[in-house]
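The values are calculated or read from the model by the stated rules, or taken from the named source; none is laboratory data. A quick note: this is a predicted structure, and the numbers were derived from the prediction, not measured. Neighbour counts are summed over all protein chains in view; Cβ atoms, including those assigned to glycine, are modelled from backbone coordinates with ideal geometry. The protein model used for the area step is the full one, side chains on, heavy atoms only, and it has no ligands, DNA or RNA in it. Shrake-Rupley method; radii C 1.70, N 1.55, O 1.52, S 1.80 Å.
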Amino acid sequence: MTRSEELFEEAQKYIPGGVNSPVRAFRSIGTTPRFIRSGSGSHMVDEDGIDYVDFIGSWGPMILGHDYENIRDSVMNAVGRGLSFGATTEIEVKMAKLICEMVPSIEMVRMVNSGTEAVMSAIRAARGFTGRDKIVKFNGCYHGHSDGLLVKAGSGVMTAGVPDSSGVPAGCTSDTLTADYNDLDSVEALFRGNPGQIAAVIVEPVGANMGVVLPQPEFLPGLRKICTENGALLIFDEVITGFRLQADGAQGYYGVTPDLTTFGKIIGAGMPVGAYGGRREIMQVVAPLGSVYQAGTLSGNPVAMNAGYTQLTLMRDHPEWYVALNQKADCFFEAIRSLLDKYGYPWQLNHIGSLGCLFFTDQPVTDYASAKTSDTKAFADYCNFMLNHGVYLAPAQFEAMFISMAHSEEDLNWYLEMAEEYFRR
Ligand SMILES: *Cc1c(COP(=O)(O)O)cnc(C)c1O
């Protein structure tokens, strides 16, 4: 038995499924998790001493790689001054100002502790601001695990959502309407069917939780137009895309301005941080200025703020890093595509910037329904092969692959060599 297997047995006695977040259990690839002991740059080492090239980067936050020196130093310095005060600190002001400077659509921002909290709070603010209750989300988009957003796909565009999890009362999702990604007609139909009742449309500007699904050119501008015409707010959930595609996120990349934006992942550099922000007049509804209550004992935690502030400052000060990262990732993903062509596999590769996903299907993937055509057994086989050859991929088909600044040519070539070995079999 490996040390990871031993630990997993022990973990299952005390933690549901042995994990603190379900995807870490590796169930969808039919194996058990590797317990990670440490990480450095683009590599992780597990409790058995096995080294992996890491292609999840903590699901996004580690855009600079693990144990980045400046970030470690700023965290250590903050730790030396006390972990938490439940009182305001200067770093919170610096962080808020930095986010407002980096993302022009944001005039005010509130820090929270996770992406889930950010989205939940942004929706409350949108409802408070508009005085409306209903929201529109897209099938296959993930916005955290709060009750109202756990609505499964496939319930039909005209029907109110049904909960995707037990323990969620139907009443909590009855105001959640679902539309199809890249399908503006499905959104328009919801607005026609619920006139004057929709507070907001929330969308991942690049779908990154059904694998990676790119917005078609008319999709995001179309959403902007529909929301404006109907007095609804447009919320971009940039928990993954924020500070990843470029310094001002997907909204900068696509040139579409949302009313509210949510962040997580990169914004905390590996610490538990989320944020939501937007136009001043909207954010002014949040307490203590306005009547929308939202609070947090550890929100704006100084250690977490220092980690995130250092990472964001580095990214802001080095615009050339984004150029280099995106070029490196483009070359890498195109090399995977060449391998697929060379060995005659019809699989789909969707990618943008440092995000990519290989779908085991011959159909173009443009939404949840087409993503679901992927052969998840074939994915599991591939993922296990790669894991056993030192390549740590997301252990589930419908997740993104994350390239970081720390990935060297050697790291990426290792992936390509192992993939070729797999495809050649
Ligand atoms: C990860 C994610 C969330 C949830 O963030 P947590 O920090 O896991 O709560 C929300 N939205 C998107 C787009 C995400 O990728």
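Observations
- Whichever residue in the range 315-330 is out of contact with any His (no Cβ under 8 Å at 6 or more places or on another chain) and in contact (Cβ under 8 Å) with a residue 24 or more places away in the chain and, among such residues, is farthest from Trp414 (Cα to Cα): Arg316
- For the range 324-337, the set of residues classified as exposed (fewer than 15 other Cβ atoms within 10 Å of the Cβ) and closer than 17 Å to Ile266 by Cβ consists of Ala324 only.
- Considering only residues in the range 94-107 that are under 17 Å from Thr313 (Cα atoms) and open to solvent by 20 Å² or more (accessible area, probe 1.4 Å), the one that is nearest to the ligand (Cβ to nearest atom) turns out to be Ala96.
- Filtered by the rule that a residue be in a loop (DSSP other than H, G, I, E, B), in contact with a Leu (Cβ under 8 Å, 6 or more places away or on another chain) and open to solvent by 20 Å² or more (accessible area, probe 1.4 Å), the range 370-425 gives Met405, Ala406.
- Residue within the range 173-180 that is modelled with pLDDT of 85 or more, over 30 Å from Asn113 (Cβ atoms) and outside any strand (DSSP E or B) present: yes
- Selection within the range 228-275: residues that are near the ligand (Cβ under 10 Å from one of its atoms) and of a type in the set (Phe, Trp, Tyr). The member of this set that is nearest to Pro205 (Cα to Cα) is Phe236.
- The residue that is most open to solvent (accessible area, probe 1.4 Å), among those in the range 108-134 that are part of a strand (DSSP E or B), away from the ligand (no atom under 14 Å from the Cβ) and of a type in the set (A, V, I, L, M), is Met108.
- Beta carbons closer than 7 Å, at least 6 apart along the sequence or on distinct chains, pair a first residue in the range 386-404 that is of a type in the set (S, T, N, Q) with a second that is open to solvent by less than 20 Å² (accessible area, probe 1.4 Å) and not in a loop (DSSP other than H, G, I, E, B) for Gln397/Phe379; Ser404/Gly57.
- Test result for Asp48, part of a loop (DSSP other than H, G, I, E, B) and away from the ligand (no atom under 16 Å from the Cβ): yes
- Pair list, Cβ < 6 Å and 6+ apart or interchain, from the range 162-184 residues that are assigned by TED's automatic domain parsing to the domain that holds Lys137 and at negative phi to residues that are among the hydroxyl-bearing types (Ser, Thr, Tyr) and modelled with pLDDT under 90: Val162/Ser155; Thr178/Ser155
- Single residue of the range 163-189 satisfying the filter (more than 21 Å from the chain's Cα centre (by Cα) and among the small types (Gly, Ala, Ser)) that is farthest from Gly211 (Cα to Cα): Gly171
- Contacts under 7 angstrom Cβ, first residue in the range 62-73 being in contact (Cβ under 8 Å) with a residue 60 or more places away in the chain, partner surrounded by 15 or more Cβ atoms within 10 Å (Cβ to Cβ) and among the basic types (Lys, Arg), 6 or more apart: Ile63/Arg244
- One residue from Ser38, Ser105 being outside the structural domain of Leu355 (by TED's automatic domain parsing) and not in a helix (DSSP H, G or I): Ser105
- Search result, residues across the range 15-31 that are in contact (Cβ under 8 Å) with a residue 24 or more places away in the chain and open to solvent by less than 50 Å² (accessible area, probe 1.4 Å): Val23, Phe26, Ile29, Thr31
- The range 400-425: number of residues that are within 20 Å of the chain's Cα centre (by Cα) and at pLDDT below 95: 0
- Among (1) in the same structural domain as Phe379 (by TED's automatic domain parsing); (2) free of Cβ contacts under 8 Å to residues at least 12 places away in the same chain, the one test that Met76 misses: (1)
- Total residues in the range 230-252 satisfying the condition of being without any contact (Cβ under 8 Å) to a residue 40 or more places away in the chain and open to solvent by 10 Å² or more (accessible area, probe 1.4 Å): the figure is 1.
- Failed condition for Gly300, given (1) touching an Asp or Glu at 6+ places or on another chain (Cβ under 6 Å); (2) not in a loop (DSSP other than H, G, I, E, B): (2)
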